Amino acid sequence: MHRHGFATICLVAFLFCTAAALAQDDQVEQHYSAVAVATTGISGGRSTTLDILIKGQTSDQEVARLVDLLQQKGQDALVDALSDKNLGTIGAAGTVGVHLVVVRIHPTETGKTVRLITIRDMPFFERFFGGRSTNYPFAMAELKVDEQGKGEGTMVVGTKFKVNDAGVLIIETYNEQTLRLLNVRRLD
């Protein structure tokens, strides 16, 4: 288990960023493409094209409710609460993908930051054998795009969330593999 600076900053920004509230885009639905490149580990150097379709956003009130749920009842309750959400999809191009369960879009000086959380799709054998990786049910992505919808980002697969005794939100990652999202571009 690893604690990533990126992951911690990303989730804190997901859940506590109040600058300019929730960005209201002209279109709620947004469609992006990106090339995901593994940077470390056995997959280092491999790449695939991702298709990201956003159909909705998570409000500040919903974020506050989810953080409270995590703090009061733990990660399993958070997974249960999010399992019905469908704010879009993310997956390899040409596949169905998995549902986005949290979507936050914040304006920046040069465009916007799009932050996504999904409950990752675990293969049958991973669930069946119940290894430690099953305790890391989330994947997170951050896209930084300019006004034309072009940019780059980062994705971390296999994360879990918890709140420590001091009330600080902690993100723990299963491994150190971070995917770079290159050639991000808005398609619509």
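The values are calculated or read from the model by the stated rules, or taken from the named source; none is laboratory data. This is a predicted model, so every value here is computed, not measured. Here Cβ is always computed from backbone atoms with ideal geometry, including for glycine, and neighbour counts include all displayed protein chains.
Quick notes on this structure:
- Criterion: farther than 25 Å from GLY167 by Cβ and either buried (at least 21 other Cβ atoms within 10 Å of the Cβ) or among the charged types (D, E, K, R) (or both) - qualifying residue of LEU143, LEU66: LEU143
- Inspection of the stretch 94-101 finds a residue satisfying the criterion of being in contact with a helix residue (DSSP H, G or I) (Cβ under 6 Å, 6 or more places away or on another chain), surrounded by 13 or more Cβ atoms within 10 Å (Cβ to Cβ) and not in a helix (DSSP H, G or I).
- Near pairs, Cβ below 8 angstrom, 6+ apart or cross-chain, from the stretch 56-79 (within 23 Å of ILE90 (Cβ to Cβ)) to any residue that is modelled with pLDDT under 90 and among the charged types (D, E, K, R): LEU70/LYS162; GLN75/LYS162
- The single condition among (1) of a type in the set (Gly, Ala, Ser); (2) modelled with pLDDT under 90; (3) touching a strand residue (DSSP E or B) at 6+ places or on another chain (Cβ under 8 Å); (4) surrounded by fewer than 17 Cβ atoms within 10 Å (Cβ to Cβ) that GLY41 does not meet is (3).
Table: residues versus (1) over 17 Å from LEU179 (Cβ atoms); (2) at pLDDT 90 or above; (3) in contact with a strand residue (DSSP E or B) (Cβ under 6 Å, 6 or more places away or on another chain).
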| residue | (1), (2), (3) |
| --- | --- |
| LEU50 | no, yes, yes |
| LEU53 | yes, yes, yes |
| SER83 | yes, yes, no |
| ASN86 | yes, yes, yes |
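- From the list VAL114, VAL156, VAL103, the lone residue that is modelled with pLDDT of 90 or more, under 23 Å from THR173 (Cβ atoms) and in contact with a Gly (Cβ under 7 Å, 6 or more places away or on another chain) is VAL103.
- The set of residues from the stretch 155-176 being surrounded by fewer than 17 Cβ atoms within 10 Å (Cβ to Cβ) and either more than 24 Å from THR113 (Cα to Cα) or of a type in the set (A, V, I, L, M) (or both) comprises VAL163, ASN164, ASP165, ALA166, GLY167, VAL168, ILE170, ASN175.
- Checklist (1) touching a His at 6+ places or on another chain (Cβ under 9 Å); (2) assigned to a helix (DSSP H, G or I) applied to THR113, failing item: (2)
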